[in-house]
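Colleague: I am attaching a structure below and will ask some questions about it afterwards.
The values are calculated or read from the model by the stated rules, or taken from the named source; none is laboratory data. If you're wondering where the values come from, they're calculated on a predicted model, not measured in any experiment. Cβ atoms come from the backbone with ideal geometry, glycine included; neighbour counts cover every protein chain shown.
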Amino acid sequence: MHYNIAMVSDFFFPQPGGIESHIYQLSSKLIDRGHKVIVITHAYAGRTGVRYLTNSLKVYHVPFFVVYRETTFPTVFSFFPIFRNIIIRERIEIVHGHGSLSSFCLEAILHARTMGLRTVFTDHSLFGFADAASILTNKLLKFILSDVDHVICVSHTSKENTVLRASLDPLMVSAIPNAVVAENFRPRSPNRESHHRSAPGPPPRLSPNDIITIVVLSRLFYNKGTDLLIAALPRILALHPNVRFIIAGSGPKAIDLEQTIERHVLQDRVTLLGPVRHDEVRDVMVQGHIYLHPSLTEAFGTVIVEAASCGLYVVCTRVGGIPEVLPTHMTEFAKPEEDDIVAATGRAIAALRAGKVRTELFHNQVKQMYSWQDIAQRTERVYDGISGVLSHDEFYQGASTGGWTATRGRAGVQSFALIERLKRYYGCGIWAGKLFCLCVIVDYLLYVFLEIFAPRSRIDLAKNWPKKILKETDVSKDGTGISRKRSSRRREKREDRTET
Amino acid sequence: MLQLLQRLTSPPTQRLTTLQPTPSTVGFTVSTRPVPETLPALLQYYISILLRLITGVCAIAVLLLKWKPDITRNPLSAIFGLWVEQFVAAEVAGSLRWRYVVPAVAAVWYAILRRGYTEESILLLHGLGLQTSTSSSMYLRPATTRFIPTTSIQDIFIHEAFKGFEVRFYLAIVIKGEEDVVVVFPNLLPRREILEVVWRGARKCLYGGGTVVKVKQVEEEG
């Protein structure tokens, strides 16, 4: 089956970040698999209107008002008319939202359900349960996810967190990790790598007097653990004389960091690089031996995969989804506290000096573990499951049997009926449930209004980007030749239709 | 009921007329002007013109009478002298004031001269250039036109943009040395089918035989 998919999120290029590159990579790999993908995001400075990216990915930069950290102002209904227009003209079947802080994404899922489309939501972050902001966000998330077909989380920890926050059925939540483009994160010398492909040579040993460089690359925010870094930095440097630091990134904590360096007179041993573009990350990474990641909360942590891919030994805190990301021989874990980070860094330095860690093998191992093709394939399976191509038992591996199934009852694989949807929303809370029902009813009335005053017949259909003719050799390599052939036949059919 | 609502809120239908007087000249006109075809429609059309004329003449007559109440004795005004004298003259001279008469007459004439439709066109001359034009909202006022010589045309393409709560297609011309593109039918923004016809025709006319093959390719790809 081939789908027309709309990725909706507030976060997209030109802004750098994990969600942004996730959406881009996933979309382009889905396009390679024969789907049609568009991205709907808000307008950035100097980036408005309709754009095409490489690989014929179409991006709608909807002009909207940005409030906080590139998030648009949550106006529940004002996005609907333009969203409906885009959905109709692109003939979208599945709406895939990203990021629970993106009001764009949450609104899109609500509207898509009103329009009778399949919806998927990907959660990229972890949240707490205690503070006021989290409670509000969680309530909103619960509202939106009351009526969604499937949820994807980037790690099992994130899945657990989302299931609790939005009170979902764990069955309708999948864990599909992020990936990295391993080719962009090669270790320092390519000839050494090719040498290892044939036969691993003796590990290069670091003598006790060789300088070990520790790289830190993160936005300098509280949640990224910059305070821990600031506390641990002078102690690590005091304990290990032949250690240097390279710190890249910017953020509100940069001043604290600079003050610490000045107070302890560490300018000659710590290099601050400031903000680094995503394509320069590799060049910074390969200058070091150890990557230190002191984050306090992290759903997945793509950056540590990138670091390992560059051949760095990773020291990180055991929080969130991080322990799932890399195998134990690539990482040294620490508790998120000052003493333990100092200790773990010490262990890592000792291990490197002793030559116990084969960092030069990391790249190929990471390459095998994480690839976007694999992620796209797994996401495609989710799409198949929610649109009924895979049978219910096949999709959920026979997890729930019997007449009433939790997933169907909850996610409503079949039912788009307003009354069914209202039942789901009503369960959100004593007051919230009624409020949400009201919102949904207004949304539905708005939909009816639009159908009358901006009928579908008045909306031009956008033409699809002419697809590349795939070489059959490429296809057979993937092992999905059969489905590809089917797809090409279907494509022909679709072309016939557009011509008539 | 729903259909009635839809019809009332729908924008006027646009029609494309192609004019090719010589092989190297082609004009495309998009217009919202309704073309009367049936007999009642034709009658309605001519009657409305007649009504407009009569209303206009009456408005002028009122103005004249106000200005010179004794104008009816003038031989020039003998054409409509008699009935105007009987029905209007006395009252106009007496009761109406200048401050009401002048705006009222101006409003009537504005209503009469207002064009009920928009007409936008592009005229292409092989080897010379192209001219875009947009009709004015009033009769008697000339259309806004712009001529672009072939040497400064860099490209002509169809793209999409946000307009209100919609995404619309538009036909744009890239001009050498200008920051913004020129949109060809800026007010009407016709639908994709019309734009594609115009785009193909424009490319064929501007770039001659060489790009005919290219156009065909695009057709196949779509």
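Colleague: Kindly indicate which of A:Thr48, A:Thr122 is in contact with a Gly (Cβ under 8 Å, 6 or more places away or on another chain), on the phi < 0 side of the Ramachandran plot and in the same structural domain as A:Glu420 (by TED's automatic domain parsing).
Modeller: Checking each option against the conditions leaves just A:Thr122.
Colleague: Which residues, taken from the range A:354-378, are part of a helix (DSSP H, G or I) and aromatic (Phe, Trp, Tyr)?
Modeller: A:Phe362, A:Trp372
Colleague: Moving to a separate point now. What's the total number of residues in the range A:174-188 that are buried (at least 23 other Cβ atoms within 10 Å of the Cβ) and assigned to a strand (DSSP E or B)?
Modeller: 0
Colleague: Could you identify the single residue in A:Ser146, A:Ser167 that is in contact with a Lys or Arg (Cβ under 7 Å, 6 or more places away or on another chain) and either surrounded by fewer than 21 Cβ atoms within 10 Å (Cβ to Cβ) or over 26 Å from A:Lys423 (Cβ atoms) (or both)?
Modeller: Testing whether each residue is in contact with a Lys or Arg (Cβ under 7 Å, 6 or more places away or on another chain) and either surrounded by fewer than 21 Cβ atoms within 10 Å (Cβ to Cβ) or over 26 Å from A:Lys423 (Cβ atoms) (or both) leaves just A:Ser167.
Colleague: If you take the residues of the range B:1-53 that are hydroxyl-bearing (Ser, Thr, Tyr) and under 30 Å from A:Phe449 (Cβ atoms), which of them is nearest to the other protein chains (Cβ to nearest Cβ)?
Modeller: That would be B:Thr9.
Colleague: Looking only at residues that are touching a residue at least 12 places away in the same chain (Cβ under 8 Å) and of a type in the set (Val, Ile, Thr) in the range B:157-180, which one is nearest to the other protein chains (Cβ to nearest Cβ)?
Modeller: Per the stated criteria, the residue is B:Ile158.
Colleague: Do we find that A:Gly402 is assigned to a helix (DSSP H, G or I), modelled with pLDDT under 85 and small (Gly, Ala, Ser) in this structure?
Modeller: So A:Gly402 does not fit the description; no.
Residues checked against (1) surrounded by fewer than 24 Cβ atoms within 10 Å (Cβ to Cβ); (2) assigned by TED's automatic domain parsing to the domain that holds A:Asp339; (3) part of a helix (DSSP H, G or I):
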| residue | (1), (2), (3) |
| --- | --- |
| A:Val276 | yes, yes, no |
| A:Val281 | yes, yes, yes |
| A:Gly288 | yes, yes, no |
| A:Leu292 | no, yes, no |
| A:Ser295 | yes, yes, no |
| A:Glu298 | no, yes, no |
| A:Ala308 | no, yes, yes |
| A:Cys316 | no, yes, no |
| A:Val319 | yes, yes, no |
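Colleague: Residue check: is A:Ile255 crowded, with 19+ Cβ neighbours inside 10 Å, modelled with pLDDT of 90 or more, assigned by TED's automatic domain parsing to the domain that holds A:Ile212 and farther than 24 Å from A:Pro177 by Cα?
Modeller: No.
Per-residue answers, yes or no, for (1) assigned by TED's automatic domain parsing to the domain that holds A:Glu451; (2) farther than 17 Å from A:Gln373 by Cα; (3) surrounded by fewer than 19 Cβ atoms within 10 Å (Cβ to Cβ):
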| residue | (1), (2), (3) |
| --- | --- |
| A:Asp10 | yes, yes, no |
| A:Ser28 | yes, no, yes |
| A:Gly34 | yes, no, no |
| A:Tyr60 | yes, yes, no |
| A:Phe80 | yes, yes, no |
| A:Ile86 | yes, yes, no |
| A:Arg89 | yes, yes, no |
| A:Ser100 | yes, yes, no |
